[in-house]
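One structure below.
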Amino acid sequence: MRNQSFDTSYEPPISSSTFYMPTKPLFLFKPANRAFAEGQTRTLPPDWNVFISVLTAVVIGFIAAFTFVPQPLLVMNLNQRG
């Protein structure tokens, strides 16, 4: 059997030099998310589209409640009082 020397140094496949910021400007669909994409913050800024969607769902829920809840109450009242 031949005597071979093995390299005992180990370099991990992922190192700090693996991740780098691109030299050209980063294209973002929403420029407000730049700080998050560049790692400066851990959370995204608030999105007004989500707020508007939740507000719309709440308003529709109230309209549906005031439209459909009185009908069963009216039927129950008619059954009890005639």
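The values are calculated or read from the model by the stated rules, or taken from the named source; none is laboratory data. Fair warning: this is a prediction, and the values are worked out from it, not measured in the lab. Neighbour counts are summed over all protein chains in view; Cβ atoms, including those assigned to glycine, are modelled from backbone coordinates with ideal geometry.
Structure values in brief
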| item | result |
| --- | --- |
| First in the stretch 46-61 and among the charged types (D, E, K, R), second anywhere and at pLDDT below 95 and surrounded by 10 or more Cβ atoms within 10 Å (Cβ to Cβ), Cβ under 9 Å, 6 or more apart | Asp47/Lys30; Asp47/Ala32 |
| Counted residues, the stretch 56-70 - those being modelled with pLDDT under 95, in a helix (DSSP H, G or I) and among the hydrophobic types (A, V, I, L, M, F, W, C) | 6 |
